[in-house]
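Below: the structure, in structure tokens.
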Amino acid sequence: MRSLRYTIKFLFLTGALALAGCLVSEEPVLNTSNGRATPLGPGAYVMCPVGEDADDCQLMDVSFDNSRLYTFVSEEEEPIEMRFRRIGRHGYAVQTREDDSYIYYYGAGTREQFQLTMMLCADLPEGLRANLIERGDLEADDDDFETCMVKTRRGLTSSARAYHRGEIESEENITLEFNLVTETP
């Protein structure tokens, strides 16, 4: 079984074209004042990639502290920290720290079953992306949207809302699913 961090890196490598368009930032967009949603309860979850590697699952221990900073722990790796911001019914903008930067996901679901989908800049509706770039909420290095830097909370939440409303059409879908482990009587 792979750790969450290893699985994410593996999915990045196998989906190199998809990785090229992810939303990132150098500084956190979500913090203790604006990233306090708690869509998952504390406990054990089975994390599986959705798609071709769906059998590559792993047990994760999930918890959050008083500031509502989540910690995802597996046996093999260092803990991973995430923050969530609600953007709609059962929909969330999600921030995770990866090395020296932050990567953003769209999260959806309930405490029993939750999915994290990597948000890709190139998959955002063209009009929305252009508007966010023009206003300074997102920044792209080139016209292929290899990577978009998230500059504001609006840039993050507007992107996540596009995913939430189903406005995204993507050939590359990098999604992880978390299912609550329930004890049987």
Open item on the list: Take the conditions in a loop (DSSP other than H, G, I, E, B) and touching a residue at least 24 places away in the same chain (Cβ under 8 Å) and apply them to S170. Does it pass?
Closed with: yes
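Would you mention how many residues in the stretch 27-58 are outside any loop (DSSP other than H, G, I, E, B) and not aliphatic (A, V, I, L, M)?
5
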Task: Residue list for the stretch 149-164, restricted to those being open to solvent by 60 Å² or more (accessible area, probe 1.4 Å) and touching a Gly at 6+ places or on another chain (Cβ under 8 Å) - done: K151, R161, H164
Task: Qualifying position, being farther than 14 Å from L23 by Cα and over 16 Å from the mean Cα position of the chain (by Cα), among E126, E146 - done: E126
TODO: Please work out which residue is most open to solvent (accessible area, probe 1.4 Å), limiting yourself to the stretch 59-77 and to residues that are in contact (Cβ under 8 Å) with a residue 60 or more places away in the chain and part of a strand (DSSP E or B).
DONE: L59
- [ ] Could you look through the stretch 86-102, keep only residues that are of a type outside the set (S, T, Y) and open to solvent by less than 70 Å² (accessible area, probe 1.4 Å), and pick out the one that is farthest from F114 (Cα to Cα)?
- [x] E98
Open item on the list: I'd like to verify a number: residues in the stretch 26-58 that are in contact with a helix residue (DSSP H, G or I) (Cβ under 8 Å, 6 or more places away or on another chain), open to solvent by 40 Å² or more (accessible area, probe 1.4 Å) and not acidic (D, E), how many?
Closed with: 0
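The values are calculated or read from the model by the stated rules, or taken from the named source; none is laboratory data. Owing to the predicted nature of the structure, the values given are computational and were not obtained by experimental measurement. Neighbour counts are summed over all protein chains in view; Cβ atoms, including those assigned to glycine, are modelled from backbone coordinates with ideal geometry. Each accessible area value is taken on the protein alone, full model and side chains, heavy atoms only, with ligands, DNA and RNA left out. Shrake-Rupley method; radii C 1.70, N 1.55, O 1.52, S 1.80 Å.
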